[in-house]
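Engineer: The structure that follows is given in the form of structure tokens.
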Amino acid sequence: MKTKILSAVLLGSSLCFTSCNDFLDLSPTAAVSDKLVWSKVEYAELAINNYYHYINTYGAFSNGQSTAGLTEAYTDIFKYSSMTYNSLMYIPNEFAYGGSVLTASYVDTYLGMWTNGYTYVRRINEGLANLKKYSDFSEEDMNRLEAEMRFFRGLIYFELMKRYKEVIIYDEDMESVQKDTPLSTEKEGWDFIEEDMTFAGKNLPVSTSANGRVTSGAAYALLSRYMLYAERWEVARKAAAEVLAMGYTLETNYEDAFLSNNSEAILQYSYDRAGQAHSFDNYYSPAGDPGNGTIGGYGTPTQEMVESFELATGGFPDWTPWHDEEGTTDTPPYEQLEPRFHATVLYNGATWKGRTIEPFIGGADGWCTWKEDAVPAGRTTTGYYLRKLVDETHDFTEAASGIQPWIHIRLAEVMLNYAETCYQLGEISQANDALRSIRARVDLPYTDKSGTELMAAIRQERKVELAYEGLYYWDMRRWGLAESAFTGNRVHGLKIVQNANGSFTYSYVDCDLEDRHFPAKMYRLPLPTTELNNNSSVEQYPEWR
């Protein structure tokens, strides 16, 4: 998704419409500007371009720079390394521990999106209203432009629905907007999203390129994701099937699925240093990267995540020898693990940027003891670093910011969405076939399953295949498993010491020092105080009263 020029071009165009055309001295000025913006297809496209940053707003690179951090840190697979820095360390750890700090105000401030979400909805609805009021394009262009805007409206409403379950529905009838508006039902919310994304899927162009304007494939792919949350299995299955028939293909090498313009990317947000870049690499790169200074390593994969990966031949290794707090000199079975591990996690001895990762005490990357070392300075708290989504080609000595794209949704996820819906609909062979295809890419064997064993396999593949893509926390919430899975547990790492003879001692360490907790009320986020104060037709959700 090319977004380099979008906001800047639109801003320039808007300024020109209102200040550079004084000969259009008509009244009212705002109406003239709107009429001109929607008078030509190319102008309308510039206006719609301004909505594309919403993809980035809810993507990992954006979330990775927010005060709430990556949502994986609220689970068992990721650990932020300190309680020192408010942004990207202290707050995500507080969400993980889930204590009394999780008040309605706190949760809304750092994880909510009500106010911004409705700001975006209003902008989109204004665009839809203006398209219908001022434009006289061909039927094809009218439908395409409406579909593009409804795509983004569906995207924003999904982000609202997955957080709040009951929201306020506004469409492009701007005259119907009133101060006191009640919440819609959960069914009405999902109906609205399904209608928007279905319209988008039917009227956007079909293309397997993720680098351009949104496509039919992007709409159907997101619909397949959204309808899992709604538990509308048949709608999700049909949407996924539409995508599977469009010609997208899995990348041969798993690690290539996160590069620009790859064959399985369906919706991509692009960056460049001349326009918009990101700081994801700065936050998550190993400390020893030349030019990175003492940044990096803000959050790192846990031992629990490492143990979620299978051997390259299938099945899981016995990690018992490395669960010893006293330590062992046995080398962990890293080299025996499947390709997705090597593409996701950096470990002791891994090759990275032409060097060897040294996450041991005194190593180039170093070790940080949780709570004892207040300033991690790029060192790891778990013995690992994140490799997936971090750009190995990024040279910090030449540029501080990163430009690797954010792949918002890709074919592998759609295949897993398809597998889950097929399971729910009793289409067991199709579900097994989809899992087999996912695992075949990394040469993992697969035996057909059924019943709860099949659903467990689907969950396992989502956890590993889609790790750190911003889905795991929300998946566990929609499955109703977050409370049991993330309560009363702690995450761990391997503390590594290099011995005099060059060997290493690996010691199993508690990286939390207190139990994590997912309170049941977090299955739905609270309404913000501003909405409660300004809208007499709503009241706080029961969980948060």
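The values are calculated or read from the model by the stated rules, or taken from the named source; none is laboratory data. Owing to the predicted nature of the structure, the values given are computational and were not obtained by experimental measurement. Here Cβ is always computed from backbone atoms with ideal geometry, including for glycine, and neighbour counts include all displayed protein chains. What goes into the accessible areas is simple: the full protein's heavy atoms, side chains included, and nothing from ligands, DNA or RNA. Shrake-Rupley method; radii C 1.70, N 1.55, O 1.52, S 1.80 Å.
Engineer: Would you mind stating whether SER285 is surrounded by fewer than 19 Cβ atoms within 10 Å (Cβ to Cβ), of a type in the set (S, T, N, Q) and under 20 Å from TYR385 (Cβ atoms)?
Structural biologist: On the way: surrounded by fewer than 19 Cβ atoms within 10 Å (Cβ to Cβ): no; of a type in the set (S, T, N, Q): yes; under 20 Å from TYR385 (Cβ atoms): yes.
Answer is no for this residue.
Engineer: Within region 177-207, take every residue that is in a loop (DSSP other than H, G, I, E, B) and open to solvent by 60 Å² or more (accessible area, probe 1.4 Å) and give me the one that is nearest to ILE266 (Cα to Cα). Steps first, please.
Structural biologist: Let us first name the residues in region 177-207 that are in a loop (DSSP other than H, G, I, E, B), namely 177-185, 204-207.
Those still in the list that are open to solvent by 60 Å² or more (accessible area, probe 1.4 Å) too: 178-179, 182, 185, 205-206.
Working: GLN178: 37, LYS179: 38, PRO182: 36, THR185: 31, PRO205: 13, VAL206: 11 Å.
That would be VAL206.
Engineer: Same structure again: Just need a number here: residues in region 131-163 that are open to solvent by 30 Å² or more (accessible area, probe 1.4 Å) and in a helix (DSSP H, G or I).
Structural biologist: Narrowing region 131-163 to residues open to solvent by 30 Å² or more (accessible area, probe 1.4 Å): 132-134, 136-144, 150.
Pick out the ones that are also in a helix (DSSP H, G or I) and you get 132-134, 139-144, 150.
Number satisfying all stated conditions: 10.
Engineer: Follow-up question, since we're still on this one. Kindly state which helices (runs of 4 or more DSSP H) lie completely within region 419-536 and contain at least 2 residues that are open to solvent by 20 Å² or more (accessible area, probe 1.4 Å) and closer than 30 Å to ASN116 by Cβ.
Structural biologist: On the way: elements: 428-440, 451-465, 472-478, 482-485, 529-534.
Fully inside region 419-536 and qualifying: 472-478, 482-485, 529-534.
Engineer: Now, a different point. Select from region 187-222 the residues that are over 16 Å from SER263 (Cα atoms) and in contact (Cβ under 8 Å) with a residue 60 or more places away in the chain and list them in ascending order.
Structural biologist: If the condition is that a residue be over 16 Å from SER263 (Cα atoms) and in contact (Cβ under 8 Å) with a residue 60 or more places away in the chain, then ASN203, LEU204, PRO205, ARG213, ALA219, LEU222 are the ones that fit.
Engineer: May I ask you to verify whether THR208 is more than 30 Å from ARG459 (Cβ to Cβ) and among the polar types (S, T, N, Q)?
Structural biologist: No; evaluated as a whole, the condition is false for this residue.
Engineer: Which pairs turn up if I take residues in region 506-526 that are closer than 23 Å to ALA104 by Cβ and look for partners that are open to solvent by 50 Å² or more (accessible area, probe 1.4 Å) and not in a loop (DSSP other than H, G, I, E, B) with beta carbon separation below 7 Å, at least 6 apart in sequence or on another chain?
Structural biologist: Listed pairs, sorted by first residue: PHE518/GLU483; ALA520/GLU483; LYS521/GLU543; ARG524/GLU543.
Engineer: For GLY291, are the conditions met, namely being open to solvent by less than 10 Å² (accessible area, probe 1.4 Å), over 18 Å from the mean Cα position of the chain (by Cα) and at positive phi?
Structural biologist: Details: open to solvent by less than 10 Å² (accessible area, probe 1.4 Å): no; over 18 Å from the mean Cα position of the chain (by Cα): yes; at positive phi: yes.
It is false that GLY291 is open to solvent by less than 10 Å² (accessible area, probe 1.4 Å), over 18 Å from the mean Cα position of the chain (by Cα) and at positive phi.
Engineer: What's the number of the condition GLU307 fails, among (1) touching a Ser or Thr at 6+ places or on another chain (Cβ under 9 Å); (2) within 19 Å of ARG340 (Cα to Cα)?
Structural biologist: (1)
Engineer: Still on this structure, please answer the following. Any residue in region 519-540 that is over 27 Å from the mean Cα position of the chain (by Cα) and small (Gly, Ala, Ser)?
Structural biologist: Yes, region 519-540 contains at least one residue that is over 27 Å from the mean Cα position of the chain (by Cα) and small (Gly, Ala, Ser).
Engineer: So which residues in region 268-296 are closer than 23 Å to ALA68 by Cβ and β-branched (Val, Ile, Thr)?
Structural biologist: Initially, region 268-296 is screened for residues closer than 23 Å to ALA68 by Cβ, giving 269, 271, 276-285, 295-296.
Hit for region 268-296 is ILE295, nothing else.
Engineer: Among the listed residues PRO339, PRO376, PRO286, which satisfies the condition of being under 26 Å from ALA440 (Cα atoms) and touching a residue at least 12 places away in the same chain (Cβ under 8 Å)? Lay out the reasoning, then the answer.
Structural biologist: Values: PRO376 fails: under 26 Å from ALA440 (Cα atoms); PRO286 fails: under 26 Å from ALA440 (Cα atoms).
Among PRO339, PRO376, PRO286, only PRO339 is under 26 Å from ALA440 (Cα atoms) and touching a residue at least 12 places away in the same chain (Cβ under 8 Å).
Engineer: Given the criterion surrounded by 18 or more Cβ atoms within 10 Å (Cβ to Cβ), hydrophobic (A, V, I, L, M, F, W, C), in contact with a helix residue (DSSP H, G or I) (Cβ under 7 Å, 6 or more places away or on another chain) and not in a loop (DSSP other than H, G, I, E, B), identify the matching residue among ALA68, ALA47.
Structural biologist: On the way: ALA68 fails: not in a loop (DSSP other than H, G, I, E, B).
So the residue among ALA68, ALA47 that is surrounded by 18 or more Cβ atoms within 10 Å (Cβ to Cβ), hydrophobic (A, V, I, L, M, F, W, C), in contact with a helix residue (DSSP H, G or I) (Cβ under 7 Å, 6 or more places away or on another chain) and not in a loop (DSSP other than H, G, I, E, B) is ALA47.
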